[in-house]
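Structure record follows, encoded as structure tokens.
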Amino acid sequence: MPYYRSVGEVPNKRHTQFRRPDGGLYAEELMGQEGFSSDSSLLYHRHAPTAIVSASLYEPSPDNQIPNLPLMPRHLRTHKVDAGPADAVLGRRPLLVNNDVRIGYVIADRPSPLYRDAVGDECLYVEEGAAMLESAFGRLEIGTGDYVIIPTSVIHRIVPRGGPVRMLTIEATGHIGPPKRYLSVRGQFLEHSPYCERDQRAPDSPFTVDETDVEVYVKHRAGWTKHVYAHHPFDVVGWDGCLYPWAFSIHDFEPITGRVHQPPPVHQTFEGPNFVVCSFVPRKVDYHPLAIPVPYNHHNVDSDEVLFYTGGNYEARRGSGIEQGSISLHPSGFTHGPQPGAVERALGVEAFDELAVMVDTFRPLDLCEAALAVEDTGYAWTWNRNNR
């Protein structure tokens, strides 16, 4: 995270005695990235955060990854995913996966178990609904249009509020954050950044739960384990630092436009290990008198392009079957672009009302069984007819 926060009670000096009202010491915990050499936070627990009473193997259903063979563009309809009664962690349906990132979808109608992703950061995009993200750092309200960044190994749970929550899930094998070109050498957002610190939200008060023998599901590099903690992990009276869960609304992303069509990097919102996340939001479009507002045909030779369509009208895709909740996969090795007729229709248009989340990966993505079950198998051929 680019800036420091302090929440609740913390001592004046780090790594010094900090005593409970009964005279005992609070248990200090450092959460830090890259071997004490990057962002970190210090948390002060009522009980030892190391005290587990049991550990057992947990085996989730396999992903059953299938290479994109034969190589084709794909269209997945997430609103047809067989989600069933589910929570936001164990109910996820993996769709597109490689060794760097797992992209999935979930419809959550119940609280998740306590969960720790010890493999990497997670970026959740809330397509629809509202929930409370609860963690050792406190509680954070999230809702439609929010990106939620959960750092590696933060124990948390997601509690829907007022109905089911639809979310796109992006699970990394490393850390996710703002693009470095948006930040100063000291981590402040620069003036050309399309969002800044004022747009970010984080827990602002402690949230404590007094329970014993508490289960926590842990995804780690060797598989999954279920730990039982002697005391509830949400026993933190205060914390400070630059590492914590945070949220940012896609509606606060300020689009960068130009006289002619701008390339996708202007929409970049986050970067992760071998992938980027971009936001396409309602915006005025190109204002050169001869501008063509829709994208030109393009071939990203180093990346697979995933677009999740989450609101508005998708002018460049009209006639292809794309709808609310659709995911398109345009793989490296395939040239893609606007649907037939889209270029002519867009001439003279002054603004686009579209909302989409893009994930570009720099290694090819495999498809999972849940993706193939909701695929529009005719999508690959939609450029071969005039859809006026």
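The values are calculated or read from the model by the stated rules, or taken from the named source; none is laboratory data. Here the structure is a predicted model, which is why all the values come from computation and not from measurement. In this analysis, Cβ positions are derived from the backbone assuming ideal geometry, glycine residues included, and neighbour counts consider all displayed protein chains. Only protein heavy atoms, including side chains, enter the accessible area calculation; ligands, DNA and RNA are left aside. Shrake-Rupley method; radii C 1.70, N 1.55, O 1.52, S 1.80 Å.
Per-structure values
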quantity	calculated
First in region 15-28 and closer than 11 Å to Ala48 by Cβ and of a type in the set (Ser, Thr, Tyr), second anywhere and outside any loop (DSSP other than H, G, I, E, B) and open to solvent by 100 Å² or more (accessible area, probe 1.4 Å), Cβ under 8 Å, 6 or more apart	Tyr26/Arg19
Which numbered condition Leu290 fails, given (1) among the aliphatic types (A, V, I, L, M); (2) more than 20 Å from Ala346 (Cα to Cα); (3) free of Cβ contacts under 8 Å to residues at least 24 places away in the same chain	(2)
Selection within region 4-41 - in a loop (DSSP other than H, G, I, E, B), surrounded by 13 or more Cβ atoms within 10 Å (Cβ to Cβ) and of a type outside the set (Val, Ile, Thr)	Glu9, Pro11, Phe18, Tyr26, Gln33, Asp39
Residues of region 83-104 that turn out to be assigned to a strand (DSSP E or B) and open to solvent by 30 Å² or more (accessible area, probe 1.4 Å), as a count	2
Selection count, region 314-359, where residues are surrounded by fewer than 19 Cβ atoms within 10 Å (Cβ to Cβ), aliphatic (A, V, I, L, M) and in a loop (DSSP other than H, G, I, E, B)	2
Test: Gly311 is buried (at least 18 other Cβ atoms within 10 Å of the Cβ) and either part of a loop (DSSP other than H, G, I, E, B) or out of contact with any Gly (no Cβ under 7 Å at 6 or more places or on another chain) (or both)	yes
Boolean, Glu197 is closer than 19 Å to Ser153 by Cα and either among the aliphatic types (A, V, I, L, M) or surrounded by fewer than 18 Cβ atoms within 10 Å (Cβ to Cβ) (or both)	no
Residue satisfying condition, being under 19 Å from the mean Cα position of the chain (by Cα), more than 30 Å from Asn99 (Cβ to Cβ) and open to solvent by 10 Å² or more (accessible area, probe 1.4 Å), within set Ser249, Ser184	Ser249
Segments classed as strands (runs of 3 or more DSSP E), wholly inside region 105-190, with at least 1 members that are touching a residue at least 40 places away in the same chain (Cβ under 8 Å) and farther than 28 Å from Tyr309 by Cβ	114-117, 130-135, 138-143, 156-160
Looking only at region 210-240, and only at residues there that are among the charged types (D, E, K, R) and assigned to a strand (DSSP E or B), the one that is surrounded by the fewest Cβ atoms within 10 Å (Cβ to Cβ)	Asp213
Of all residues in region 252-303 being in contact with an Asp or Glu (Cβ under 7 Å, 6 or more places away or on another chain) and charged (D, E, K, R), the one that is least open to solvent (accessible area, probe 1.4 Å)	Asp252
Where Leu243 falls short, out of the listed (1) assigned to a loop (DSSP other than H, G, I, E, B); (2) more than 20 Å from the chain's Cα centre (by Cα); (3) surrounded by 19 or more Cβ atoms within 10 Å (Cβ to Cβ); (4) of a type in the set (A, V, I, L, M)	(2)
Region 371-388, residues that are in a helix (DSSP H, G or I), surrounded by fewer than 14 Cβ atoms within 10 Å (Cβ to Cβ) and modelled with pLDDT of 90 or more	Trp381
Tally, over region 42-82, of residues that are open to solvent by less than 30 Å² (accessible area, probe 1.4 Å) and closer than 30 Å to Cys242 by Cα	4
Test result for Gly129, open to solvent by 10 Å² or more (accessible area, probe 1.4 Å) and at positive phi	yes
Boolean, Tyr115 is aromatic (Phe, Trp, Tyr) and under 25 Å from Glu215 (Cα atoms)	yes
